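Colleague: Sharing a structure with you now.
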Amino acid sequence: MGPVDVQRDPGKRRRRSRRLSLHVPVRVSGLDKDRNPFREEMPMLSVNAHGGLLALRAKVERGQRIFLVNTNTQEERECRVVYLGREFFDRRKVGIEFTNPASNFWRASFPPEVDELAETNKDI
C-alpha cells in the first residue's frame with residue numbers, strides 16, 4: 001500500500017513531517033495496559049519531527065502516555081501512543097508523538113514533505 005492521497009481519501013490524516021530511518025537509542029518507560037510499570041531500551045525504527053516508531057515488548061494502548069529518553073543526550077519527553085502495529089515475535093510496532101513540541105529532540109533536520117515543496121516553489 002502506497003502513500004495516502006489526501007484528495008482521494010480525505011478521512012486519512014496527512015503526515016506532518018518526513019520519516020527518517022535514524023536508529024536513535026532510547027529508553028521508554030511508563031505503565032503498561034495492566035498498569036504495571038515497564039522500562040525498555042532499544043533503538044528507534046524511524047523518527048520524524050513529531051515523534052517516531054519503535055518496537056515495544058510492553059503492552060500499551062492507543063492514547064496512552066509514555067516517557068521517552070534520548071540516551072545520547074539524556075533528554076526526556078512525554079509522548080502519546082498514536083499507532084499500534086502488528087505483533088512480531090515478542091514485540092509490537094508502536095507509533096508515538098510528543099505531547100509538546102520537541103523540535104531538536106532527535107538532533108536531526110527534517111526535510112519538508114513533497115507537497116510543502118510544491119507549495120513553496122509554485123511562485124517561482
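The values are calculated or read from the model by the stated rules, or taken from the named source; none is laboratory data. Computed from a prediction, not measured in an experiment: that's the story for all the values here. Here the Cβ positions follow ideal geometry from the backbone for every residue, glycine too, while neighbour counts run over all protein chains shown.
Colleague: Could you say whether any residue in segment 11-26 is at pLDDT 95 or above, out of contact with any Cys (no Cβ under 9 Å at 6 or more places or on another chain) and among the small types (Gly, Ala, Ser)?
Modeller: Checked against the condition, which is being at pLDDT 95 or above, out of contact with any Cys (no Cβ under 9 Å at 6 or more places or on another chain) and among the small types (Gly, Ala, Ser), segment 11-26 yields no hits at all.
Colleague: Tell me, which residue of segment 17-56 that is more than 16 Å from the chain's Cα centre (by Cα) and surrounded by fewer than 15 Cβ atoms within 10 Å (Cβ to Cβ) is nearest to Arg107 (Cα to Cα)?
Modeller: Arg39
Colleague: Which of the residues that make up segment 85-97 are at pLDDT 95 or above and either among the acidic types (Asp, Glu) or under 11 Å from the mean Cα position of the chain (by Cα) (or both)?
Modeller: Matches in segment 85-97: Lys93, Val94, Gly95, Ile96, Glu97.
Colleague: Kindly indicate the residue of segment 98-110 that is surrounded by 11 or more Cβ atoms within 10 Å (Cβ to Cβ) and over 14 Å from Leu54 (Cβ atoms) and also modelled with the highest pLDDT among those meeting that condition.
Modeller: Checking each candidate, the answer is Thr99.
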